[in-house]
Amino acid sequence: MPHSTPGPLPDSAPSPSRARFFALRPGDRRPGRVPLPPGLAVKARTSDTEGRLAILENQLHVDIPPHVHHQADEFVYVLEGEMEVDFDGATHRLTPGMCVLLPHGVPHALRNASQPPARCLQISSPGGWDTFMEDMFEAGPVAMKDGRPDLDRLNHIGAKYGMEYRT
């Protein structure tokens, strides 16, 4: 029986998928419409992935209060440090190399549990987390009240992303 090896693909104009390719060096981030604070870096924008997902590197300088994603699943992978995740009535402590999948529709919260603060990759699918963060930081101090997140303002910003913060 003859053995054949497929040859190279024919040269052609770059496909739309090939045109979306990019590579980032350590510390690089994807540009956005507003600057995000140190410790928060977009690695793949929703627009980079045709809406399929968004990937952010996040250093948990601020605890993320209880909230629910009505549309997006969230995947969190710990790179450094330790963090706690409250999910469905239980607290899970994560250390480097550990990860969790936070399915849409179930409230959860994230807390730092180490110094320096935990650093993690957060992946949301479908995307939108990156643009939500830009909207939140663009709103500036109005997203805070008495040094704490202003849940009413965050819920107003998050409504178009299917995000809801809870007390």
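The values are calculated or read from the model by the stated rules, or taken from the named source; none is laboratory data. This one's a predicted model, so the numbers in the text were calculated from it and none came from an experiment. In this analysis, Cβ positions are derived from the backbone assuming ideal geometry, glycine residues included, and neighbour counts consider all displayed protein chains. To get the accessible areas, we keep the full protein, side chains included, count just its heavy atoms, and leave off ligands, DNA and RNA. Shrake-Rupley method; radii C 1.70, N 1.55, O 1.52, S 1.80 Å.
General remarks:
- Accessible surface area normalised per residue over the stretch 60-123 is 48 Å², counting heavy atoms of protein chains with a 1.4 Å rolling probe.
- Build a GNM of the chain with springs between Cα atoms under 10 Å apart, and of Arg45, Arg33, Arg119 the one that fluctuates most is Arg33.
- Relative to its Kirkwood radius, the Cα radius of gyration of the stretch 53-143 gives an Rg/Rh of 0.95.
- Charge dipole of the chain about the Cα centre (unit charges at C-beta), most positive-ward option of Thr49, Pro126, Pro96: Thr49
- Residue by residue, the stretch 128-139 carries 3J(HN,Hα) couplings of x, 4, 5, 6, 4, 4, 4, 4, 5, 6, 5, 5 Hz when phi is fed to the Karplus relation 6.51 cos²θ - 1.76 cosθ + 1.60 (θ = phi - 60°); x denotes Gly or Pro.
- Carbon/sulfur fraction of accessible area - the chain, other protein chains in place, 1.4 Å, %: 58
- Where N is the number of residues in the stretch 28-73, Cα Rg divided by 2.2 N^0.38 Å: 1.26
- Using a Förster distance of 35 Å, the FRET efficiency for Arg148-Ala23 (Cβ separation, nearest 0.05): 0.35
- Within the listed set Gly39, Gly127, Gly89, the residue fluctuating most in the Gaussian network model of the chain (springs between alpha-carbon atoms under 10 angstrom) is Gly89.
- Panel values: the chain, Kirkwood radius from alpha carbon pairs, Stokes-Einstein at 4 °C and 1.567 mPa s, translational diffusion coefficient 74 µm²/s.
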